[in-house]
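Participant: Take a look at the following structure, please.
The values are calculated or read from the model by the stated rules, or taken from the named source; none is laboratory data. Nothing here was measured: the structure is a model prediction, and the numbers come from that model. Note: ideal-geometry Cβ built from the backbone for every residue, glycine included; neighbour counts use all protein chains shown. Quick note on the areas: whole protein, heavy atoms, side chains included, nothing else; ligands and nucleic acids left out. Shrake-Rupley method; radii C 1.70, N 1.55, O 1.52, S 1.80 Å.
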Amino acid sequence: MAATHRVSAVIFDLDGTLLDTERATRDVLKEFLGTYGEVPDAAKEEKRLGQMHRESTTGIIADYGLPITVEEYSEAIYPLYIKRWQRASPLPGVNRLLKHLYKNGVPLALASNSIRRNIDHKILKLGELKDCFSVVLGGDQVPHGKPCPDIFLEAAKRLGVNPSSCLVIEDSLVGVQAAKASGAKVVAVPSLQSQRHCYSIADLILYSLLDFHPELWGLPPFEDRIQGALAMEPLLSNAQIGDAVQNNTHTLIAGECTYDSIPDQISGIFFGWAKSETYGVFKAVVSTGWDLSPGKFERVMHICFLDSHNKAKTEDSLELLLIGYIRKLQSSENISQAMSITDEDQATARDALDLPAFCEYAKTRGALDLPALPEYAEPRNGLLLA
């Protein structure tokens, strides 16, 4: 792909961009407000996404008539957040991108509206990758938080680059607005799929960082696909087989933890293993996306079984282990057409699941009782994920 822009540094948001903290803490406000006999208003809370701590807290106290001060609210709810932050994990594509940019010497900064104390707690979930950032800024370290550009201007200054040569990666609308106001280029990865239509000011809109192509921004390209497939951190979930879509392809009905395990940003064609208690373990391709047609807002999932001897049927329960990514969904106004799993997708997944880079990676996690590697599949240097 030819570069459309050339950047010299990359600035990341934290919550909802690098870490799945927003989903991990989704019920904290509900739990807290319940002690006051109140219930969160979804529309109001969506508008608070990405706001500064004091702005968000002041709004919550006013909207729900809480008889406490900002300081009392913060002191009471902070322990709840610390506990839930432990459940957060890097979003798909994050580890790969950070490692790649850092390895290639691209200056990196983290700029979040969270106060610095909270950032220091949450960034620990990135493990060693937290050290990739030469600059870390919280909203309390600049005069004005997002949507004002201050934090990105300061991040660029500390990186020693011009803001116009920076690429900002953001999930919130206020973050995108702040980045554009600073003069930077912006890639939006919305965490609220219902608001995707609001992000038109971004230079590019993605579903997840699995679809990020560094070469579009004049950065070194990835070279880690293996026969058209990309290894990724595993996604574990459960679901129930729904109606047949076409030969060997069915809809998937959400199970008890389906959407708790699959981040909202996940969309595209994935592959891995499906386990049925009755029929065993099968290779599978899963397509997933969002139906945003008028009057609807729901995740849709299809599964295609790659084993011809598969006997799984409608209403059977499945455990899913997704370990590889093939491509984004096709562009189509019809969600069923967009999610179509092609013969090429099936061939790519079938071949990849016999490679050590995928099969061995899944086995080491012990998630499913996977079949043995084929006799011809021998470990190859550089294929296993670090």
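Participant: Would you pick out the residues in region 226-258 that are within 30 Å of Leu98 (Cα to Cα) and buried (at least 17 other Cβ atoms within 10 Å of the Cβ)? Can you show your working first?
Facilitator: Filtering region 226-258 down to residues within 30 Å of Leu98 (Cα to Cα) leaves 226-238, 257-258.
Hits for region 226-258 are Ile226, Ala229, Leu230, Ala231, Met232, Glu233, Pro234, Leu235, Ser237, Asn238, Thr258.
Participant: While we're here: Do we find a residue being without any contact (Cβ under 8 Å) to a residue 60 or more places away in the chain, under 25 Å from Gly218 (Cα atoms) and more than 16 Å from the chain's Cα centre (by Cα) anywhere in region 32-46?
Facilitator: Here is the first cut: in region 32-46, the ones without any contact (Cβ under 8 Å) to a residue 60 or more places away in the chain are 32-45.
Now narrow it down to the ones that are under 25 Å from Gly218 (Cα atoms): none.
So far as region 32-46 goes, no, none of its residues is without any contact (Cβ under 8 Å) to a residue 60 or more places away in the chain, under 25 Å from Gly218 (Cα atoms) and more than 16 Å from the chain's Cα centre (by Cα).
Participant: Go through region 1-22 residue by residue and tally those that are surrounded by fewer than 21 Cβ atoms within 10 Å (Cβ to Cβ) and either under 22 Å from the mean Cα position of the chain (by Cα) or modelled with pLDDT of 90 or more (or both). Break it down into steps so the answer makes sense when it comes.
Facilitator: From region 1-22, those surrounded by fewer than 21 Cβ atoms within 10 Å (Cβ to Cβ) are 1-6, 8, 22; that's our starting set.
Okay, now just the ones that are also either under 22 Å from the mean Cα position of the chain (by Cα) or modelled with pLDDT of 90 or more (or both), so 6, 8, 22.
Adding up the residues that qualify gives 3.
Participant: Just need a number here: residues in region 274-311 that are more than 14 Å from Val245 (Cα to Cα) and open to solvent by 10 Å² or more (accessible area, probe 1.4 Å).
Facilitator: Matching residues across region 274-311 total 23.
Participant: State all residues of region 337-353 that are open to solvent by less than 70 Å² (accessible area, probe 1.4 Å) and not β-branched (Val, Ile, Thr); if no residue qualifies, say none.
Facilitator: Of all residues in region 337-353, those open to solvent by less than 70 Å² (accessible area, probe 1.4 Å) come to 338-342, 345-349, 352-353.
Residues satisfying the conditions are Ala338, Met339, Ser340, Asp345, Gln346, Ala347, Ala349, Ala352, Leu353.
Participant: What about Arg48, is it open to solvent by 70 Å² or more (accessible area, probe 1.4 Å), outside the structural domain of Ala111 (by the TED database) and in contact with a helix residue (DSSP H, G or I) (Cβ under 9 Å, 6 or more places away or on another chain)? Explain how you work it out, then say what you get.
Facilitator: Values: open to solvent by 70 Å² or more (accessible area, probe 1.4 Å): no; outside the structural domain of Ala111 (by the TED database): yes; in contact with a helix residue (DSSP H, G or I) (Cβ under 9 Å, 6 or more places away or on another chain): yes.
No: the conditions fail for Arg48.
Participant: Among the residues of region 115-125, is there at least one that is in contact with a His (Cβ under 9 Å, 6 or more places away or on another chain), open to solvent by 10 Å² or more (accessible area, probe 1.4 Å) and touching a residue at least 40 places away in the same chain (Cβ under 8 Å)? Give the steps one after another, and end with the answer.
Facilitator: We begin by selecting, within region 115-125, every residue in contact with a His (Cβ under 9 Å, 6 or more places away or on another chain); these are 115, 118.
Adding the requirement that they be open to solvent by 10 Å² or more (accessible area, probe 1.4 Å) leaves 115, 118.
Filter once more, keeping what is touching a residue at least 40 places away in the same chain (Cβ under 8 Å): 115, 118.
Yes, region 115-125 contains a residue that is in contact with a His (Cβ under 9 Å, 6 or more places away or on another chain), open to solvent by 10 Å² or more (accessible area, probe 1.4 Å) and touching a residue at least 40 places away in the same chain (Cβ under 8 Å).
Participant: Tally time: how many residues in region 31-50 are of a type in the set (Asp, Glu), part of a loop (DSSP other than H, G, I, E, B) and touching a Leu at 6+ places or on another chain (Cβ under 8 Å)? Quick ask: steps written out before the conclusion?
Facilitator: The initial filter retains those residues of region 31-50 that are of a type in the set (Asp, Glu), namely 31, 38, 41, 45-46.
Next cut, part of a loop (DSSP other than H, G, I, E, B) only: 38, 41.
So of that shortlist, the ones also touching a Leu at 6+ places or on another chain (Cβ under 8 Å) come out as 38.
Total meeting the criteria: 1.
Participant: Related question: From the set of residues in region 169-225 that are among the acidic types (Asp, Glu) and outside any helix (DSSP H, G or I), which is surrounded by the most Cβ atoms within 10 Å (Cβ to Cβ)? So that I can check it myself, show each step before the final result.
Facilitator: Within region 169-225, the first condition is being among the acidic types (Asp, Glu), and the residues that meet it are 170-171, 203, 211, 215, 223-224.
Still in the running and outside any helix (DSSP H, G or I): 170-171, 203, 223-224.
Working: Glu170: 30, Asp171: 25, Asp203: 18, Glu223: 6, Asp224: 14.
Ranking the candidates gives Glu170 first.
Participant: In this structure, is Ser134 in contact with a Leu (Cβ under 9 Å, 6 or more places away or on another chain), closer than 27 Å to Ile115 by Cβ and surrounded by fewer than 17 Cβ atoms within 10 Å (Cβ to Cβ)? Show your work before the answer.
Facilitator: Working: in contact with a Leu (Cβ under 9 Å, 6 or more places away or on another chain): yes; closer than 27 Å to Ile115 by Cβ: yes; surrounded by fewer than 17 Cβ atoms within 10 Å (Cβ to Cβ): yes.
Spelling it out, Ser134 is indeed in contact with a Leu (Cβ under 9 Å, 6 or more places away or on another chain), closer than 27 Å to Ile115 by Cβ and surrounded by fewer than 17 Cβ atoms within 10 Å (Cβ to Cβ).
Participant: Among all residue pairs at least 6 apart or on different chains, which show Cβ distances below 6 Å where the first residue, located in region 259-288, is under 20 Å from Ala312 (Cβ atoms) and the second is modelled with pLDDT of 95 or more and hydroxyl-bearing (Ser, Thr, Tyr)?
Facilitator: Within 6 Å, the pairs are Ile269/Ser287; Phe270/Tyr325.
Participant: Same structure, new question: Right, Arg54: touching a residue at least 40 places away in the same chain (Cβ under 8 Å), within 27 Å of Ala111 (Cβ to Cβ), open to solvent by 30 Å² or more (accessible area, probe 1.4 Å) and not in a loop (DSSP other than H, G, I, E, B) or not? Quick ask: steps written out before the conclusion?
Facilitator: Numbers: touching a residue at least 40 places away in the same chain (Cβ under 8 Å): no; within 27 Å of Ala111 (Cβ to Cβ): yes; open to solvent by 30 Å² or more (accessible area, probe 1.4 Å): yes; not in a loop (DSSP other than H, G, I, E, B): yes.
Here the answer is no, as Arg54 does not meet what is asked.
Participant: Continuing with this model, one more query. From the list Leu124, Leu110, Leu80, pick out the single residue that is in a helix (DSSP H, G or I) and within 26 Å of Ala178 (Cα to Cα).
Facilitator: Leu124 is the lone residue from the list that is in a helix (DSSP H, G or I) and within 26 Å of Ala178 (Cα to Cα).
Participant: Every residue in region 317-360 that is touching a residue at least 40 places away in the same chain (Cβ under 8 Å) and small (Gly, Ala, Ser), please.
Facilitator: Those that are touching a residue at least 40 places away in the same chain (Cβ under 8 Å) and small (Gly, Ala, Ser): Ser317, Gly324, Ser336, Ala338, Ser340, Ala349, Ala352, Ala357.
Participant: Taking Asp264 and the conditions (1) open to solvent by less than 70 Å² (accessible area, probe 1.4 Å); (2) in a strand (DSSP E or B); (3) acidic (Asp, Glu), which numbered condition does it fall short on, given that it satisfies the others?
Facilitator: (2)
Participant: Regarding region 57-67, can at least one residue be identified that is under 26 Å from Asp264 (Cβ atoms), aliphatic (A, V, I, L, M) and within 26 Å of the chain's Cα centre (by Cα)?
Facilitator: Initially, region 57-67 is screened for residues under 26 Å from Asp264 (Cβ atoms), giving 57, 59-60, 63-64.
This time we only want the ones that are aliphatic (A, V, I, L, M), so: 60.
Narrowing further to those that are within 26 Å of the chain's Cα centre (by Cα): none.
No, region 57-67 contains no residue that is under 26 Å from Asp264 (Cβ atoms), aliphatic (A, V, I, L, M) and within 26 Å of the chain's Cα centre (by Cα).
Participant: On to the next question. Name every residue in region 186-233 that is at pLDDT below 95, within 22 Å of Arg299 (Cβ to Cβ) and assigned by the TED database to the domain that holds Ser287, in order of residue number.
Facilitator: Met232, Glu233, listed by residue number.
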